[in-house]
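J.: Dropping the structure in here first, questions after.
Please treat every number below as a calculation from the coordinates, not as lab data. Values in this document were obtained by computation on a predicted structure and should not be read as measured data. Please note: Cβ atoms are built from the backbone with ideal geometry, for glycine as well, and neighbour counts cover all protein chains shown.
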Amino acid sequence: MSTKPKTFGAKKYSFYIKTFGCQMNKYDSERIAGLLHKCKAHFEKDIQNADIIVFNTCTVRESADDRLFGQLGNLKGLKEEKPDLIIAVGGCLAQSYG
């Protein structure tokens with residue numbers, strides 16, 4: 001079994017990560033970014049230009065629910081423009097919805 005990280009092939013992917021919540025989520029987001037870097041993806045500061053958007057969420061802060069759903073609603077048009085856009089939602093808020 002190879003331990004070499006998988007890449008996304010010839011295409012250069014970019015990613016954007018937004019973290020809502022606790023210190024553990026910030027750490028987890030850094031780990032996710034590290035894994036994406038190993039796959040040769042690069043960080044994109046502008047959410048509109050990213051190929052992969054990751055939301056890492058927390059249930060501790062109730063306003064995180066509202067902010068997440070607001071962000072997802074705002075991305076509907078972008079997803080229609082970019083059908084290959086990957087939007088990932090993780091963390092304990094995502095787990096609470098199953």
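For (1) polar (S, T, N, Q); (2) loosely packed, with under 14 Cβ neighbours inside 10 Å; (3) in contact with a strand residue (DSSP E or B) (Cβ under 7 Å, 6 or more places away or on another chain); (4) closer than 21 Å to Y13 by Cβ, each residue gets a yes or a no:
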{"site": "E30", "(1), (2), (3), (4)": "no, yes, no, yes"}
{"site": "A33", "(1), (2), (3), (4)": "no, no, yes, yes"}
{"site": "F43", "(1), (2), (3), (4)": "no, yes, yes, yes"}
{"site": "N49", "(1), (2), (3), (4)": "yes, yes, yes, yes"}
{"site": "I53", "(1), (2), (3), (4)": "no, no, yes, yes"}
{"site": "D65", "(1), (2), (3), (4)": "no, no, no, no"}
{"site": "K82", "(1), (2), (3), (4)": "no, no, no, yes"}
{"site": "A88", "(1), (2), (3), (4)": "no, yes, yes, yes"}
{"site": "A94", "(1), (2), (3), (4)": "no, no, yes, no"}
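J.: Quick one: what pairs do we get from the range 52-81, first residue of a type in the set (D, E, K, R), second surrounded by fewer than 10 Cβ atoms within 10 Å (Cβ to Cβ), C-beta under 8 Å, 6+ apart or different chains?
T.: none
J.: Determine, yes or no, whether A41 is more than 15 Å from G91 (Cα to Cα) and among the aliphatic types (A, V, I, L, M).
T.: When the stated conditions are applied, A41 passes them.
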